[in-house]
Amino acid sequence: MGLRVAIQGYEGCFHHIAAEGYFGEEIQIVPCATFRGVVRALEEGSADAALMAIENSIAGSILPNYGLLQDRLLRVVGELYLQIRQNLLVLPDVQLSEIREVWSHPMALLQCADYLDDKGWRLVETEDTALSARQVGEQRVRHAAAIAGELPARLFGLKVIAPEINTIKNNHTRFMVLRRSADCPTDRIVGEERINKASLYFQVGHRKGTLASVLNTMERYNINMTKLQSYPVPSDPFHYLFHLDMEFEDVWEYREAVAHMRSVSDGLTVYGEYTRGIHI
């Protein structure tokens, strides 16, 4: 039995594609209905690792997931950037002329609007792209096509009759790879893996210059900020936490920078130190 990886969505979805891209195909997918369910699966031990989408190059950040990352039992151990390619999938012997309906998630239909506009097909909104492909395959529906990634074609016996029909080709989603803190080494610098990126969150008070004091630290220590995202503290109205991603070459400069940032903020927590992610 391979590594058990929790994902949000159904078998064959883009989370599944990302999981195979990071861990390889010999994994066991643990599908979860929600992102909170992904975290719960990891906490409770029904999964060994998890992938969670955190931002998309078109739609932006998934704000609720930043709060989930603060779970003290979890650790960010990696990241992956997946190019989103939407394909038109049909049964192996179906031709374009036979299609009458297209099934997919509303967002996928919207992403492929330019391709679909002049076809005259009925667009049917569904819960999930991969689920749409599964239904076409299992129900042997000849008059319907599904919009989904390429993996569902392999899983559910379909063919890609029109590849990459999404209007915007340069569409990427960033995924964070999670493990239980108890399963992670205390010092991930030791060993073959090279740590050159970190994710953390911090809070600053309503005092002049406090946020600048934190951010200016990165210039002082030759650190590149790749993401700064504010999000509200649910229990404290109109107060905000800041998520920060940073890349660095010298890990000791990074350590000194974090120590200084912690001293000028009202609380700072590092929840991930890892290797900069690849694009697939």
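The values are calculated or read from the model by the stated rules, or taken from the named source; none is laboratory data. Just so you know, these numbers come straight off a predicted model, no measurement behind them. Ideal geometry is used to build each Cβ from the backbone, glycine not excepted, and the neighbour counts take in all protein chains shown. These accessible areas exclude ligands, DNA and RNA; they are computed on the full protein's heavy atoms, side chains included. Shrake-Rupley method; radii C 1.70, N 1.55, O 1.52, S 1.80 Å.
A few points about this structure:
- Taking chymotrypsin sites (Phe, Trp or Tyr not before Pro) across segment 174-280, the ones in a DSSP loop with at most 16 further Cβ atoms lying within 10 angstrom of their Cβ are 238.
- Surface composition of segment 83-219: carbon plus sulfur atoms hold 49% of the accessible area, using a 1.4 angstrom probe and ignoring ligands, DNA and RNA.
- Sparsely packed trypsin sites (Lys or Arg not before Pro) within segment 1-81, loop by DSSP, other Cβ within 10 Å at most 14: 72
- Dipole magnitude (debye, nearest 20) for segment 72-154, charges at Cβ of Lys, Arg, Asp, Glu: 320
- Backbone N within segment 194-223 under 17 Å of label point (7 Å from residue 259 Cα along the Cβ vector): 217-218, 220-223
- For segment 56-137, with +1 on Lys and Arg beta carbons and -1 on Asp and Glu, the positive-most of 99, 65, 116 along the dipole: 65
- Taking amide H atoms as placed 1.01 Å from N in the peptide plane, the amide H of residue 4 lies under 5 Å from those of 28, 48, 49, each 5 or more residues away in sequence or on another chain.
- Shape of segment 1-46, Cα gyration tensor, a/c cut at 1.5: oblate
- Largest to smallest accessible area among 118, 245, 48, 266 [probe 1.4 Å]: 118, 266, 48, 245
- Oblate is the label for segment 89-142, because the ratio a/c of its alpha-carbon gyration tensor axes (a ≥ b ≥ c) is 1.5 or higher and a/b is not greater than b/c.
- Across all directions, the average projected area of the convex hull around the alpha carbons of segment 58-124 is 7.2 nm².
- Degrees separating the helix 251-264 axis from the principal Cα axis of the chain, which is the longest one: 70
- Size of the chain: Rg and Dmax of its alpha carbons, in Å, are 21.2, 67.
- Simple Cβ-charge dipole of the chain, Lys/Arg +1 and Asp/Glu -1, about Cα centre, in debye nearest 20: 360
- Share of carbon and sulfur in the accessible heavy-atom surface of segment 232-280 [1.4 Å probe, %]: 61
- At full extension, residue 164 and residue 62 could sit 34.3 nm farther apart than now, given 0.36 nm per residue minus the alpha carbon distance.
- Of 216, 199, 242, farthest towards positive along the dipole that unit charges on Lys, Arg, Asp, Glu beta carbons give segment 198-247: 216
- Residue-by-residue Karplus 3J(HN,Hα) for segment 161-169, coefficients 6.51, -1.76, 1.60, Hz, glycine and proline x: 8, 8, x, 6, 8, 5, 5, 8, 6
- Solvent exposure of the chain as accessible area per residue, Å², 1.4 Å probe: 49
- Fully extended contour minus Cα-Cα distance, from residue 275 to residue 247, at 0.36 nm per residue: 9.2 nm
- DSSP beta bridges confined to the chain are antiparallel in about 70 percent of cases.
- Prolate/oblate/rounded call for segment 197-240, Cα gyration tensor, a/c under 1.5 rounded: oblate
- Hz values of 3J(HN,Hα) by residue in segment 53-62 - Karplus curve (6.51, -1.76, 1.60), Gly and Pro given as x: 5, 10, 7, 10, 5, 9, 7, x, 7, 9
- Once backbone amide H atoms are built at 1.01 Å from N, residue 166 has 86 as its partners under 5 Å, excluding neighbours fewer than 5 places away on the same chain.
- Here the dipole of segment 57-106 is about 280 debye; that uses its Cα centre as origin and unit charges on the Cβ of Lys and Arg (positive) and Asp and Glu (negative).
- Karplus (6.51, -1.76, 1.60) ³J(HN,Hα), θ = phi - 60°, over segment 6-15, in Hz, Gly and Pro reported as x: 7, 9, 8, x, 9, 4, x, 6, 5, 4
- Between helix 210-220 and the chain: long-axis angle, C-alpha atoms, 0 to 90°, nearest 10: 90
- Amide H to amide H distances under 5 Å link residue 172 with 57, 58, 84, where only residues 5 or more positions off or on other chains count and H is placed in the peptide plane.
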